1. Tell me, which helices (runs of 4 or more DSSP H) lie completely within segment 224-280 with 3 or more residues that are at pLDDT below 95 and under 29 Å from ARG160 (Cβ atoms)?
2. Checking VAL38 against (1) aliphatic (A, V, I, L, M); (2) part of a helix (DSSP H, G or I); (3) in contact with a strand residue (DSSP E or B) (Cβ under 8 Å, 6 or more places away or on another chain), only one condition comes out false. Which one?
3. Suppose we filter segment 57-80 for residues that are farther than 16 Å from HIS16 by Cα and of a type in the set (Asp, Glu); how many remain?
4. Restricting attention to segment 237-266, report how many residues are crowded, with 17+ Cβ neighbours inside 10 Å and among the hydrophobic types (A, V, I, L, M, F, W, C).
5. Of (1) touching a residue at least 12 places away in the same chain (Cβ under 8 Å); (2) farther than 30 Å from ASP202 by Cα, LEU117 satisfies all except one. Which?
6. Could you list, in sequence order, all residues of segment 169-196 that are β-branched (Val, Ile, Thr) and closer than 13 Å to ALA157 by Cβ?
7. Suppose we filter ASP213, ASP218, ASP202 for residues that are touching a residue at least 24 places away in the same chain (Cβ under 8 Å), of a type in the set (Asp, Glu) and farther than 22 Å from GLY123 by Cβ; which single one remains?
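The values are calculated or read from the model by the stated rules, or taken from the named source; none is laboratory data. Remember, it's a predicted structure, so these values are computed and weren't measured experimentally. When we count neighbours, we look across all protein chains shown, and the Cβ atoms used for this are built from the backbone with ideal geometry, even at glycine.
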Amino acid sequence: MGVSTLHRVAALYDIHGNLPALDAVLAELEADPPDAVVVGGDVCAGPMPMAVLGRLRELPWPVHWLRGNADRTVVMGFDHTIPPDLLEHPLYQGDAWVATFLRREDRDFLDALPPLLALDIEGLGEVLFCHASARSDEERVTVLTPDERLAEIVGQAGARTLIGGHTHRQFDRSVDGRRMINAGSVGRPYERRRGAYWLRLDASPKLIRTAYDTERADVRFHALGYPAADLMFEAVDPDAVAERYERASATPLAPESLIDPAENPLRRPGSPSLAIIDDL
């Protein structure tokens with residue numbers, strides 16, 4: 001299947017164009033380098049898009065990229081196809097603003113990113129990385145997701161360990177012999193403390209918070225004119241956010257967010273992992 005075998009992987013999700021947060025995390029990685037970095041989607045939809053893309057492209061370690069829902073929206077902004085009603089929301093205004101900085105090659109790079117990635121990590125076996133879930137880049141999985149729905153999501157992924165993000169809050173949950181870890185958000189977390197949240201993966205995965213000067217970053221983002229700057233460090237109740245997401249979980253997933261099962265490297269016919277996981 002061509003999956004890589006690695007000892008330690010840093011999973012950086014939902015950076016959202018926040019360069020100060022990313023730089024704080026990268027300083028930790030320089031002190032304790034990983035074998036590879038996974039950029040889990042929603043990378044440049046934020047106040048410093050090109051600086052973040054540039055920093056990630058210069059990393060000294062192998063970088064594996066995933067596409068997130070905000071990456072799709074930034075591409076739509078470049079193509080001028082964001083629906084007018086969505087442009088009434090500051091986040092979509094921000095995505096359209098970000099698109100004005102992209103070159104054609106940046107737009108095409110984001111558009112071509114894969115929705116799923118499999119890596120073989122020592123002590124964990126084959127791990128599947130997605131942005132939100134293996135079936136949609138917008139499906140919301142939270143600390144409050146019922147075990148029954150979580151079991152369906154992880155079971156359909158075809159992995160013993162599934163790594164995601166999207167809901168901007170860390171968790172590590174297990175059900176029916178399978179595990180899902182939310183890496184959190186580097187750039188715009190919904191946590192009780194400010195900081196950059198990410199995941200170090202090895203035989204014993206560790207959810208990490210890295211502190212940085214968020215007040216200085218907030219001033220910088222407003223000075224740049226980012227339309228959604230007020231939302232970057234907005235104080236939220238993480239449990240209230242999770243409850244809101246769970247109430248919305250009955251809404252059908254948007255067709256444009258759906259992921260073709262054929263794009264899942266662990267669910268392709270003939271995959272050894274498929275037989276192993278289905279026997280659990």
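1. 272-278
2. VAL38 satisfies all of (1) aliphatic (A, V, I, L, M); (2) part of a helix (DSSP H, G or I); (3) in contact with a strand residue (DSSP E or B) (Cβ under 8 Å, 6 or more places away or on another chain) except (2).
3. Total meeting the criteria: 2.
4. Total satisfying the criteria: 5.
5. Of everything listed in (1) touching a residue at least 12 places away in the same chain (Cβ under 8 Å); (2) farther than 30 Å from ASP202 by Cα, LEU117 misses just condition (2).
6. Result: VAL175, ILE181.
7. Only one candidate passes the filter, namely ASP213.
For (1) surrounded by fewer than 16 Cβ atoms within 10 Å (Cβ to Cβ); (2) out of contact with any Asp or Glu (no Cβ under 9 Å at 6 or more places or on another chain); (3) in contact (Cβ under 8 Å) with a residue 40 or more places away in the chain, each residue gets a yes or a no:
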position	(1), (2), (3)
HIS16	no, no, yes
PRO47	no, yes, yes
LEU59	no, yes, no
ASN69	no, no, yes
GLN93	no, yes, yes
